[in-house]
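Readers should treat all values here as calculations from the given coordinates under stated rules, not as data from a laboratory. As the structure is a prediction and not an experimental result, all values here were calculated from the model. Neighbour counts are summed over all protein chains in view; Cβ atoms, including those assigned to glycine, are modelled from backbone coordinates with ideal geometry.
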Amino acid sequence: MHGATPPSPWFLAQRARLAAAAQRGPVLDLACGRGRHALAAAGLGACTLAIDRDEAALRALQAEAGRRRVPLTCLRTDLETPLGIPVKPGSCGAILVFRFLFRPLAPAISAALAPGGLLLYETFTVAQRALGSGPRRAEFLLEPGELRALFPELEALDHWEGRSDGPPPECLARLAARRVR
């Protein structure tokens, strides 16, 4: 089950930045789902914390991390609450967010990054609706240019919006950004 879906091409393209940022603190994978990015980060040797609300998925992920002998810990929590992210401000070397959007969490994501910490974010845009798959509700889809605007205090290192080649084709926004101070 795990390992069947490879990490996003965006994750793969940012591996060197991620490995460098992981020297500043643990890698946090928010709303990790089955954990394909958490496992990939831990596979780079980064101490990784995978957070999701799906207890069964986290149990399976923890078991897979044990089989692979990678430094990964799972934490069950619901990120869509006013409680935010259960980590200390400035403690994360990197934060991964793939296929998850909860706009009120953006300030907490920025605050959780250590100085020099890296944010890797990828999720769907409103253009995804035209493809007839994926999320359809506005709260799960980014408007054009919105992803960069959600993190004004971070320095954008790389940004892309458009239709990916797939398969399947998807309309995405991608951001690699760094906390300067």
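Worth a mention:
- Remark: relative contact order (the chain) = 19 percent; criterion is Cα-Cα distance under 8 angstrom and separation of 6 or more residues.
- By other beta-carbon atoms within 10 Å, ranking Cys171, Cys32 with the fewest at the front produces Cys171, Cys32.
- Whole-angstrom gap from region 1-52 to region 105-134, using each part's C-alpha centre: 14 Å
- Spin-label zone in region 106-149 - amide nitrogen under 19 Å from a point set 7 Å from the Cα of Thr5 along the C-beta vector: 120-126, 128-129, 131-137, 140-142
- 11 Å cut-off, amide nitrogen to a point 7 angstrom out along Leu75 Cα→Cβ, residues in region 12-45: 26-30
- Under 5 Å, built H, 5+ apart or other chain: amide partners of Cys74: Ala50
- Label point of Glu155 set 7 angstrom out along Cα-Cβ; within region 99-119, amide nitrogens under 11 Å from it belong to 116-117.
- Extending 7 Å from Cα along the Cβ direction at Val180 and again at Ala20 yields two label points whose distance is 1.7 nm.
- Between the listed residues Gly25, Ala57, Ile95, the Cα displaced farthest toward the positive end of the dipole of the chain, a dipole computed from Cβ unit charges relative to the Cα centre, is found at Gly25.
- Annotation: the residues Ile51, Ile95, sorted from fewest to most other C-beta atoms within 10 Å of their own C-beta, follow the order Ile51, Ile95.
- Between Ala130 and Asp165, the C-beta separation translates, for a Förster distance of 22 Å, into a calculated FRET efficiency of about 0.85.
- The residues Thr81, Thr123, when put in order of fewest to most other Cβ atoms within 10 Å, stand as Thr81, Thr123.
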